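See structure below.
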Amino acid sequence: MLVHETRTGIGVSGGSAAGPVVQVAPPAAPPKDEPAPADVDAAIQHVLESFEAVAVELDTRAAGADEHAAPILTANAMMARDVGLHGAATDRLKAGDGPATAIKNAVEAYAAQFEALGGYFAERVADLRDVGARAVAAALGLPAPGVPPLTEPSVIVALDLAPADTATLDRELAIAIVTQAGGRTSHTAILAAQRGIPAVVQVPDATSIEPGTFVAVDGDAGEVAIDPDPALLEAQRVRREKRAAALATSTGPGLTADGHAVPLLANIGGVADAEEAGPQDLEGVGLFRTEFVFLSATVAPTLEEQTDIYTKVFAPFEGRRVVVRTLDAGADKPLAFADLGEEENPALGRRGLRLSQALPDLLDTQLKALAAAANATGADARVMAPMVATVDEAEWFASRVRAAGLKKAGVMIEVPAAALRSEHVLENVDFASIGTNDLAQYTMATDRMAGELSELLDPWQPAVIDVVAAACAGGAVHDVPVGVCGESAGDPLLALVLVGLGVASLSMAPSKVPAVRLALSLHTLEECRELARIARSARTAQDAHEAVRAAAKDALTEIL
Amino acid sequence: MPTRTVAIGSSVGLHARPAQIFVAAVQESGLAVTIAKAGGAPMDARSILGVMALGAKNSDEVELNADGDNADAVLDGLVELLKRDLDAE
């Protein structure tokens, strides 16, 4: 092991932390061509004991977990003790599977049923497979996959982390996350940011770092220092203290140093998010994703069902804005009750507004339910369509929104075509919101899920910043406010650039709001414009990022 | 054999937490209870995976069957449980 080595990945959740490495074991796979058991009864006994060992371990972890993680772990222990699963594994053993293969096949049979049900049921598949992987490891005498129980503050290192692993990490003991795979918009990145755990993804050879090695993780710079210099640790400690002190004073509406208002809003995806974000110090919701209402359903949700859900989401935001994105489904997120068939390339297919145009009744019911919920709660509901590319699409959508009795109709700008022609696309709508993750995907022709192409999706790519500028310029012609509701909005430096480009509001994971609010309060609107000019004159993403960082106020950069 | 029909009260349907609470109650009863959707095959209600594989959504009707001592009282208790919005509690 080299001393004082630094490995660079992509910082996806800010802050820093230092501690010993805990490696997360990869899932064990049954050996290929595992032989049929010589003694079936003994094999059945062995498999049932493996399941029970998993259940006992999960119960033990549940006993020491907090109120969020304990029910998940208890439910997983229940799966490991499930009579149906035991029966299925026993049948497989009798049919000639080896023990590990029998466990895997029994689990996969249930997983297939749950995936076919979709929605909430499909979401349980990750938990079921986790139970299966643990039982396979137990049957093979290998270490349990996943995060081992933590005994001291540790840096969690893995090839990639399952969302369930990230969600159940103890915030006090899991002080940072480092992964070798993963991407900017992977679930690990999003969950780590929501939970305020510093995280770096795409770190070369992260899994080869010896367990117990002391490392310092910088989630802002995207660096992992192995066996770090004491001076680096001291610098990080000072920065953490300054950051905590600075953020503690960051409250109230988003304002630049000279008083230009930039509302700071939350991205939410359901009732629980709304209830959590409602009491927080933010000015409303800038992106309410409504997919969860539809993706779990086998029949189209009724007007009453939808009204009830939207009312629950709106209720915490009486008197504040809630920007709603209408159904964003497509071939990659298919609807059980409105399947338009498979597509070769779902990201470019009939998705978002294109799906709504194929199924206008679905959209009209959603709009009516949103209008009823807005009336019932007094929330300032504003509705926008995803995947708008043309003037005709924007105007078709706006007319349906207004016909449903909703006051404000808008469009998402994710397709470069809409940004380039925004002067016309936005002429007859009330607002626009830029989805920077998809806009980057379509501008750079790079799959968002392709972790190895993350560099192309760097939100500092000058081409993406240019497309955002074009969208803002078109909006300005008609005084149509253009917000941002993507990952970029939650990056304090990039947020300044966006405001300088003319972005009117910023929507992000609520945990990111304090740092963005602080960044705004330290810079005037004219200074933001200068930072935008600097970013746009850079030749590469890295140059843009570095130049803006160098030009921003020290009071901000010294805590990032 | 005692039988009951009840509409699922949980807003999220019979999965995860609501399924867990229901299955725990069945297991505690010690009886072999089955649960089925209208026209569907009965599932062992002691199996959380079987119960979840039903895919019962909010307001779907399910049929419970049980045999043995106290079966009527056990089923009445389970019906009351399924009527409630277990996810909201």
Pairing a residue in region A:286-305 that is within 26 Å of A:Ala266 (Cα to Cα) and within 10 Å of chain B (Cβ to nearest Cβ) with any residue that is crowded, with 18+ Cβ neighbours inside 10 Å and of a type in the set (Ser, Thr, Tyr), where Cβ atoms lie under 6 Å and the two sit 6 or more apart in sequence or on different chains, gives A:Ser296/A:Tyr120
B:Ser10 vs. criteria modelled with pLDDT of 90 or more and more than 8 Å from chain A (Cβ to nearest Cβ)
no
How do the pairs read when you match residues in region A:94-109 that are in contact (Cβ under 8 Å) with a residue 60 or more places away in the chain with residues anywhere that are buried (at least 23 other Cβ atoms within 10 Å of the Cβ) and among the aromatic types (Phe, Trp, Tyr), using Cβ under 6 Å and keeping only pairs 6 or more apart or on different chains?
none
A:Arg402: of a type outside the set (S, T, N, Q) and more than 26 Å from the chain's Cα centre (by Cα), yes or no?
yes
State all residues of region B:31-69 that are loosely packed, with under 14 Cβ neighbours inside 10 Å, over 26 Å from A:Val271 (Cα atoms) and polar (S, T, N, Q); if no residue qualifies, say none.
none
Does A:Leu327 satisfy the criteria of being over 26 Å from B:Ser59 (Cβ atoms) and either surrounded by 20 or more Cβ atoms within 10 Å (Cβ to Cβ) or touching a strand residue (DSSP E or B) at 6+ places or on another chain (Cβ under 7 Å) (or both)?
no
Can you tell me how many residues in region B:66-85 are under 22 Å from A:Met78 (Cα atoms) and within 12 Å of the chain's Cα centre (by Cα)?
9
Looking at A:Gly146, A:Gly96, A:Gly141, which one is more than 10 Å from chain B (Cβ to nearest Cβ), closer than 27 Å to A:Gln202 by Cα and small (Gly, Ala, Ser)?
A:Gly146
Among the numbered criteria (1) within 21 Å of A:Glu67 (Cα to Cα); (2) in a strand (DSSP E or B), which single criterion is violated by A:Asp165?
(2)
Hey, does region A:474-491 have a residue that's assigned by TED's automatic domain parsing to the domain that holds A:Val425, under 22 Å from A:Leu426 (Cα atoms) and of a type in the set (Asp, Glu)?
yes
Pull up region A:175-212, narrow it to residues that are part of a loop (DSSP other than H, G, I, E, B) and of a type in the set (D, E, K, R), then point me to the one that is surrounded by the most Cβ atoms within 10 Å (Cβ to Cβ).
A:Arg184
Which residues, counting only those in region A:26-45, are part of a helix (DSSP H, G or I) and within 13 Å of A:Ile103 (Cα to Cα)?
A:Ala43, A:Ile44, A:Gln45
Picking from A:Glu172, A:Glu152, which residue would you name as being part of a loop (DSSP other than H, G, I, E, B) and free of Cβ contacts under 8 Å to residues at least 60 places away in the same chain?
A:Glu172
Taking region A:135-149 and keeping only residues that are assigned to a loop (DSSP other than H, G, I, E, B) and surrounded by fewer than 24 Cβ atoms within 10 Å (Cβ to Cβ), one is left with A:Gly141, A:Leu142, A:Pro143, A:Ala144, A:Pro145, A:Pro148, A:Pro149
For region A:489-560, which fully contained helices (runs of 4 or more DSSP H) count at least 2 residues that are more than 22 Å from A:Leu456 (Cβ to Cβ) and in contact (Cβ under 8 Å) with a residue 40 or more places away in the chain?
A:492-501, A:513-521, A:525-537, A:554-557
The listed residue being assigned to a helix (DSSP H, G or I), loosely packed, with under 15 Cβ neighbours inside 10 Å and within 12 Å of chain B (Cβ to nearest Cβ), out of A:Ala106, A:Ala77, A:Ala112, A:Ala70:
A:Ala112
So is A:Val391 assigned by TED's automatic domain parsing to the domain that holds A:Gly278 and either within 23 Å of the chain's Cα centre (by Cα) or at pLDDT below 95 (or both) or not?
no
Among the residues in region B:19-29, are any of a type outside the set (A, V, I, L, M) and facing another protein chain (nearest Cβ under 10 Å)?
yes
Can you name the condition, by its number, that A:Val131 falls short on among (1) away from chain B (no Cβ under 13 Å); (2) touching a residue at least 24 places away in the same chain (Cβ under 8 Å)?
(1)
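The values are calculated or read from the model by the stated rules, or taken from the named source; none is laboratory data. Not measured: the values here are computed from a predicted model. Cβ atoms come from the backbone with ideal geometry, glycine included; neighbour counts cover every protein chain shown.
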